[in-house]
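Undergrad: Got a structure for you, written out below as structure tokens; questions coming shortly.
Just so it is clear, none of the values below were taken in a lab; they were calculated from the coordinates. Fair warning: this is a prediction, and the values are worked out from it, not measured in the lab. Glycine gets a Cβ as well: all are built from the backbone with ideal geometry, and neighbour counts include every protein chain shown.
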Ligand code: BDR
Ligand code: CA
């Protein structure tokens, strides 16, 4: 039986690749729907981009619901400087024909969890945690219904990417991240410590371009665009590929290594706001609340991604 998942996302080229990887893996993953959140670009863009990606994969049957327009307490912070003005610059994808779902994304998450047996749905979060945090605040009973939350969020040994201490998804809405981290739901974290090992080198992008399908071409164009900023920033042979690790961990957890530890979110300090403080050595008595992954077999990851994306139109 495939694992039922909801993807909460702010596409974003790397979010798009994560969605495509899930759609390419129907034996293991059943995507119930997508909720869009403000993050890389405003909500109007992320909710449009999610639908563009579904149509690219020939799956307009999967619902997309727009969630929160801004973080719980703070002003929105976007990243057009990485993802381009649309959030999905690179390929020329048509405007989506499929409509947005009528329900608010937060309500749809709650309704969907309550309509399924407890523990059967995995929430995959690829953006700021606003929608999931709000759902937990609005309907705390959902905590017992969620099987697991698998998130691309945070950083520890690798330090931050938007401030010296914080990773983008947590920095944008640290209060929401704090609610989720304290929720008691089983959590898996794919932090920058992992995603900075998963570099989309020229050679890996070229393999995707040559798959012979429109998805491979579009993904190559997306990554070529979104890489530009990071290549300059880090000076590596490829840019990190973040969000698809969430789906890859579901598909092939043996590619990853980590520890069950306590991870707490900084919500007060101006200097380290949004830092995910990971008690890697167990030096506090704070309860373990997350599987914090630290290493990945990057070759295995790209082999999986390339093989799976070849299955799409
Ligand atoms: C995260 O921030 C976004 O720009 C990416 O889509 C990813 O979710 C990496 O820090
Ligand atoms: Ca994202």
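Undergrad: Rounded, prolate or oblate: which fits region 1-143 when a ≥ b ≥ c are the square roots of the eigenvalues of the alpha-carbon gyration tensor, with rounded for a/c under 1.5 and prolate only if a/b beats b/c?
TA: In terms of gyration-tensor shape, oblate.
Undergrad: How would you rank 1, 152, 72, going from fewest to most other Cβ atoms within 10 Å of each one's own Cβ?
TA: By the 10 Å Cβ count, ascending, the order reads 1, 72, 152.
Undergrad: OK, next. Pulled fully out, how much extra length does the chain show between residue 92 and residue 1, if you take 0.36 nm times their separation in residues and subtract their Cα-Cα distance?
TA: Net length gain for the segment: 29.2 nm.
Undergrad: Rounded, prolate or oblate: which fits region 54-128 when a ≥ b ≥ c are the square roots of the eigenvalues of the alpha-carbon gyration tensor, with rounded for a/c under 1.5 and prolate only if a/b beats b/c?
TA: Verdict is oblate for region 54-128.
Undergrad: Moving on to the next point. What ranking of 304, 88 emerges when the number of other C-beta atoms within 10 Å of each C-beta is taken as an exposure proxy, fewest first?
TA: 304, 88
Undergrad: Continuing with this model, one more query. So, in Å, what gap is there between the alpha-carbon centers of region 246-313 and region 163-180?
TA: Each part reduced to its Cα centre gives a spacing of 15 Å.
Undergrad: Classify the chain: rounded, prolate or oblate, from the alpha-carbon gyration tensor (a ≥ b ≥ c, eigenvalue square roots; a/c under 1.5 rounded; otherwise prolate if a/b is larger than b/c)?
TA: rounded
Undergrad: May I pose another question? Can you tell me the relative contact order of the chain? Whole percent, Cα pairs under 8 Å, sequence separation 6 or more.
TA: In percent, rounded to a whole number, it is 20.
Undergrad: If R₀ is 30 angstrom, what is the calculated FRET efficiency for the pair residue 280 and residue 237, using the beta carbon separation as r and rounding to 0.05?
TA: Given R0 = 30 Å and the Cβ-Cβ separation, E is 0.65.
Undergrad: State the extension gain, in nm to one decimal, for the chain segment bounded by residue 114 and residue 228, taking 0.36 nm per residue of separation less the distance between their alpha-carbons.
TA: That works out to 36.8 nm of additional length.
Undergrad: Shifting gears a bit: With springs only between Cα atoms under 10 Å apart, run a GNM on the chain and tell me which of 285, 295, 178 wobbles the most.
TA: Checking each option, the largest mean-square fluctuation is seen for 285.
Undergrad: Tell me, 171, 81, 302, 256 in order of fewest to most beta-carbon neighbours within 10 Å?
TA: Ascending number of Cβ neighbours within 10 Å: 81, 256, 302, 171.
Undergrad: Moving on to the next point. Please report the relative contact order for region 65-186, taking Cα pairs under 8 Å with a sequence separation of at least 6, and give it as a percent rounded to a whole number.
TA: Relative contact order, region 65-186: 29 percent.
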